[in-house]
Amino acid sequence: RPSRLPAPPLSKEEAAERLSSLYGAEVSRQLASGAWKERLAGMATVADAIDAMSPSACDAAAEHTVRALAATPGFDDKNFQVLGKAFDALGSLAAKAPAFSERDGARVVVAVAEKLADVKLRGPGANALTSVSEALGPSFVLARLRRSADSHKNPKVTSEALLFCASLLGEFGVHACGIPQVIDWCKASLGLTNPACKAAAAKALGAMHAGVGPGLRDFLGELKEAQMKAVEVEFARNPFEVTEKVTRVVRKSSSGGSSGSSVPVASDGLPRADVSALVTEKLIADMGDANWKNRAAAVECVGGILADAGFRIAPNTGDLMPALGKRFADSNRILAANALAMAGKAAAAIGPAVAERRHGHGLAGEMTRQMGDSKPSVRAAAAGALDAWAIAAGLEKTLPVVADKMVELAGKMSGDGKADALAWTLRALQDGDCAEDEPSVLAAAVAAAAVGLADSKAQARAAGSRVMDEVLKRVGSKRVMAMSREMAAPAAMKAAAAAHVEKANVERKGDIVLAPEPSSSPTLPARPATSKLVGGVRASTTGISSLRASRPGTARGGVASSMNAFSAPKELTPDGAALRKNEDKDARLRKLPKKPVKFETSRDDQLRVAEVELKVALAPYVRSDVHALLFGKDFKAHMSAMEHLEATLASSPELVSGNLDLLLRWVVLRFCEQAPNTQSLLRVLDFTKSLLVVVKEQGDRLSEQEGALFLPALVDKCGHAMEAAREKFRAVLRLVPGVFPASRAAGYLVRGLDSKNTKTRLEMLDALELLMERHGLDVVERGGSKAMAEVAKLADARDAPTRAAALACLTCAYKVAGEDAWRHIGRVGPLVREALEDKFAKSAKEMARNQEGAP
């Protein structure tokens, strides 16, 4: 194209002529002057003239102005004020000219690129590049910016260019910036030796993560562990936002702004590999070969193609999906199971486009057909394939296909096959994003449940009733009855569905309670489980599969509807104890992490969802009036609830053990309130202390899971600004080693040393010192946390209180372990070592003087 052809630079004479024609002879003379003040005055005149121009005049003047300024005074002018004003003029020109050309934009990018490293010119230069991005697209600017940065020897040019890239990602949205080229640039920069370049590349990837989500990790598999850790930190700072907040838009699309790659880009903006050339006629022929070994080898070859593409492929796969579908009915049932698993991987690799028949070829229905197979291994493979399909295509486009196929094959599927298909349906409902405003999903679930309810086999009927109960819990009997009348199914299935709804209406008047699954985090939401009879008839299964991540949005609808649908047990009256016996603790703990997790302050919406879910979880085990107080809006209600609970701690301490994890989750929620009432916080800490005292007196101990949900929050919040609160936090911390292994507790304390809060670090050092006095240095170091080495790092801290506390903690280690303490401390700087030797010598003399023995 003519606008992309390079133009030769203008001579001084040509530049002067063009500037004179546009802005006058006096301006031309000033810009060519050797005095910087005259050049600045001339450049200011040019900028003012551009601001006064109409858009059409800017179009006419754009090319002549950019080329002339490049020659006179030139973009290598030594005065930063002149260059700054020149960048302002270029930015105004790009902003006002409707037909600003790519050739002029490229000149501006080249001129500004190296000046981003100059702190005085960074602002005007970035503004000029932003204006060019609005005119031609950010992908155009970033492609040329990288080219200029890579050719420059100063690494600061690269780092500042990447930081500017991060800002563009936030302003224009990641999808406008050419995601493949940005990923490639960041990966290349992470391999540089300069720390600033690596940090800037990580920040750019973090900004991209906010727009594209966790799928970005799939393109960073070749990064080293240290590089990935830096990137993960930025991912945590920039969580994925479903709705991108774009503050700038491109005036026109840039056809030349891409990086020149023809990689297909998916709806999420991340690139997908085109594997159509690899799906050869020979591969398809081998899948239908008479020799089963050739067929098996061809199926395995598909796995290699997917792996080489990073399990993200473009949907144009030719005859690959139909060929895999034919192998579902293979006479070799092991090969059929492998084909089902491979089809699931292919669906996940294709992504949402697999829902379209031209790409997915309707394989979801064929997968459902295999749920009726006599071999459990084939049914399990079919369930796994449907899991992957539902994640890729969405449950709203998968479950209706499954239900229709089940109705079609109702007379051919075995009872076990129907039970397995309905078990998958139940898991999909519980773990999917189904909500009350998705009638197609719920109607499909009702149709699938009717297939099981009308079957002669007990296992199929039981599975169908569980699915129907799940739908009833969400939308109520009236809507379910309407769905059962409207579904396209035989009369016998409609009658069976209607009969179950009528029966459920009677049962719901009994004592049914909700048993939600616990969250893996004390402040993040948990997923509600299926309804569970008080007598213990049924329990829910696990989620759709480990492929799907838990999302808070699923919990809200389920929790709200279940709260309305079920009543509390009769025995939880205001006259009884505040707590009741809870035998479900072990099941809850199995779903919680044992390893310590990093504490992160939750947002208000996360706290609200977590509180609603904990409210449901505690409902069966807390007296109704106390339950209302625990989750009241007023802090006085919380204080009143704690009075009732403390009375129960004194009168019925045996009830604490089964409810301990739920009570600790409530305590953590109170810790995490954005602006907690001081009086209420102090009361919560007193209650926590009483709770741990009862646990110790009962001979119980905190489990690993309970420690993981409670201790990170306790450690993070113990550096409270108010001394009275810190004293109570300190008292609770000192009780922890009595109910939790001291070596494990030390690991949590060491993590607190990384806190940005100085008071928290001081409290952790004090707690570690006390722990060593009671249990010895070996116990503190046993957990593998390298506690003394971490404390030694603080011995060289800037603030005096932290240095003094760290030295005191290390001196305590010397007193209890003697010279062996040096082995745990490790290598330290000469100043720290000298200070420690002095402290150790004084402590040895003091111990001898007080007849306390030798260190």
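Laid out as a table, the results:
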{"read-out": "In the range 749-762, residue modelled with the lowest pLDDT [restricted to those that are open to solvent by 30 Å² or more (accessible area, probe 1.4 Å) and not basic (K, R)]", "value": "D754"}
{"read-out": "L765 at pLDDT 85 or above, over 21 Å from R665 (Cα atoms), in a helix (DSSP H, G or I) and open to solvent by less than 10 Å² (accessible area, probe 1.4 Å)", "value": "yes"}
{"read-out": "Given (1) under 20 Å from L765 (Cβ atoms); (2) surrounded by 21 or more Cβ atoms within 10 Å (Cβ to Cβ), index of the condition R730 fails", "value": "(2)"}
{"read-out": "Failed item in (1) within 15 Å of A381 (Cβ to Cβ); (2) touching a Pro at 6+ places or on another chain (Cβ under 9 Å); (3) aliphatic (A, V, I, L, M), with I313 passing the rest", "value": "(1)"}
{"read-out": "Residue count, the range 63-75 (criterion: more than 45 Å from the chain's Cα centre (by Cα) and either of a type outside the set (V, I, T) or more than 15 Å from A44 (Cα to Cα) (or both))", "value": "9"}
{"read-out": "Positions within the range 104-113 being among the aliphatic types (A, V, I, L, M) and either outside any helix (DSSP H, G or I) or crowded, with 19+ Cβ neighbours inside 10 Å (or both), in sequence order", "value": "A106, V108, V109, A111, V112, A113"}
{"read-out": "Residues satisfying the stated conditions in the range 161-178, i.e. at pLDDT below 90, open to solvent by less than 20 Å² (accessible area, probe 1.4 Å) and part of a helix (DSSP H, G or I)", "value": "V174"}
{"read-out": "Selection status of A347, out of contact with any helix residue (DSSP H, G or I) (no Cβ under 6 Å at 6 or more places or on another chain), within 14 Å of A392 (Cβ to Cβ) and buried (at least 16 other Cβ atoms within 10 Å of the Cβ)", "value": "no"}
{"read-out": "Among (1) within 35 Å of the chain's Cα centre (by Cα); (2) more than 21 Å from P593 (Cα to Cα), the one test that T648 misses", "value": "(1)"}
{"read-out": "Residue pairs meeting the criteria (Cβ under 6 Å; at least 6 apart or on separate chains; first more than 19 Å from G384 (Cβ to Cβ), in the range 397-421; second in a loop (DSSP other than H, G, I, E, B) and aliphatic (A, V, I, L, M))", "value": "V407/A489"}
{"read-out": "The range 622-668 - residue that is among the basic types (K, R) and surrounded by fewer than 22 Cβ atoms within 10 Å (Cβ to Cβ) and, of those, modelled with the highest pLDDT", "value": "K636"}
{"read-out": "Residue pairs meeting the criteria (Cβ under 9 Å; at least 6 apart or on separate chains; first over 15 Å from A95 (Cα atoms), in the range 40-53; second open to solvent by 30 Å² or more (accessible area, probe 1.4 Å) and β-branched (V, I, T))", "value": "none"}
{"read-out": "Residues of the range 91-103 satisfying the condition of being surrounded by fewer than 24 Cβ atoms within 10 Å (Cβ to Cβ) and closer than 18 Å to A44 by Cβ", "value": "S92, A95, K96"}
{"read-out": "Selection from the range 733-748 of residues that are assigned to a helix (DSSP H, G or I) and either out of contact with any Asp or Glu (no Cβ under 9 Å at 6 or more places or on another chain) or surrounded by fewer than 19 Cβ atoms within 10 Å (Cβ to Cβ) (or both)", "value": "R734, L735, V736, P737, G738, A742, A745, G747, Y748"}
{"read-out": "Hits in the range 140-151 (condition: open to solvent by less than 20 Å² (accessible area, probe 1.4 Å) and within 30 Å of S56 (Cβ to Cβ))", "value": "F140, V141, L142, A143, L145"}
{"read-out": "Any hit, the range 75-90, residues being open to solvent by less than 10 Å² (accessible area, probe 1.4 Å), without any contact (Cβ under 8 Å) to a residue 60 or more places away in the chain and either over 30 Å from A161 (Cα atoms) or polar (S, T, N, Q) (or both)", "value": "no"}
{"read-out": "Top-ranked residue in the range 638-670 [being among the polar types (S, T, N, Q) and touching a residue at least 12 places away in the same chain (Cβ under 8 Å); ranked as farthest from A578 (Cα to Cα)]", "value": "S657"}
{"read-out": "Residue identified as in contact with a Ser or Thr (Cβ under 8 Å, 6 or more places away or on another chain) and modelled with pLDDT under 85 among P439, P525", "value": "P525"}
{"read-out": "Options A202, A266, A210: the member that is modelled with pLDDT under 80 and surrounded by 18 or more Cβ atoms within 10 Å (Cβ to Cβ)", "value": "A266"}
{"read-out": "L116 vs. criteria over 13 Å from S131 (Cα atoms) and surrounded by 22 or more Cβ atoms within 10 Å (Cβ to Cβ)", "value": "yes"}
{"read-out": "Residue in the range 152-160 that is open to solvent by 40 Å² or more (accessible area, probe 1.4 Å), farther than 28 Å from M228 by Cα and outside any helix (DSSP H, G or I) present", "value": "no"}
{"read-out": "Some residue of the range 39-48 being over 26 Å from E160 (Cα atoms), open to solvent by 50 Å² or more (accessible area, probe 1.4 Å) and at pLDDT 90 or above", "value": "yes"}
{"read-out": "Any hit, the range 208-224, residues being outside any helix (DSSP H, G or I) and closer than 22 Å to G123 by Cα", "value": "no"}
{"read-out": "Qualifying positions in the range 55-74 - surrounded by fewer than 17 Cβ atoms within 10 Å (Cβ to Cβ) and either touching a helix residue (DSSP H, G or I) at 6+ places or on another chain (Cβ under 8 Å) or under 23 Å from S33 (Cα atoms) (or both)", "value": "P55"}
{"read-out": "Pick from the range 302-339, criterion of a type in the set (D, E) and open to solvent by 20 Å² or more (accessible area, probe 1.4 Å), ranking: farthest from the chain's Cα centre (by Cα)", "value": "D319"}
{"read-out": "Candidates R782, R798, R803, filtered to the one that is open to solvent by 30 Å² or more (accessible area, probe 1.4 Å) and within 24 Å of A724 (Cα to Cα)", "value": "R803"}
{"read-out": "Pairs with Cβ under 7 Å, 6+ apart, first in the range 708-722 and farther than 22 Å from K591 by Cβ and in a helix (DSSP H, G or I), second open to solvent by 60 Å² or more (accessible area, probe 1.4 Å) and charged (D, E, K, R)", "value": "V715/R751"}
{"read-out": "P352 vs. criteria in a helix (DSSP H, G or I), at negative phi, at pLDDT 85 or above and of a type outside the set (A, V, I, L, M, F, W, C)", "value": "yes"}
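Each row is one residue, and each column tells you yes or no for (1) at pLDDT below 90; (2) over 47 Å from the mean Cα position of the chain (by Cα); (3) within 29 Å of S151 (Cα to Cα).
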site: R4; (1), (2), (3): yes, no, yes
site: L19; (1), (2), (3): yes, yes, no
site: A60; (1), (2), (3): yes, yes, no
site: A111; (1), (2), (3): no, no, yes
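The values are calculated or read from the model by the stated rules, or taken from the named source; none is laboratory data. As the structure is a computational prediction, the values presented were derived from the model and not from experiment. Here Cβ is always computed from backbone atoms with ideal geometry, including for glycine, and neighbour counts include all displayed protein chains. When the accessible area is computed, the model is the full protein with side chains, heavy atoms only, and any ligands, DNA or RNA have been set aside. Shrake-Rupley method; radii C 1.70, N 1.55, O 1.52, S 1.80 Å.
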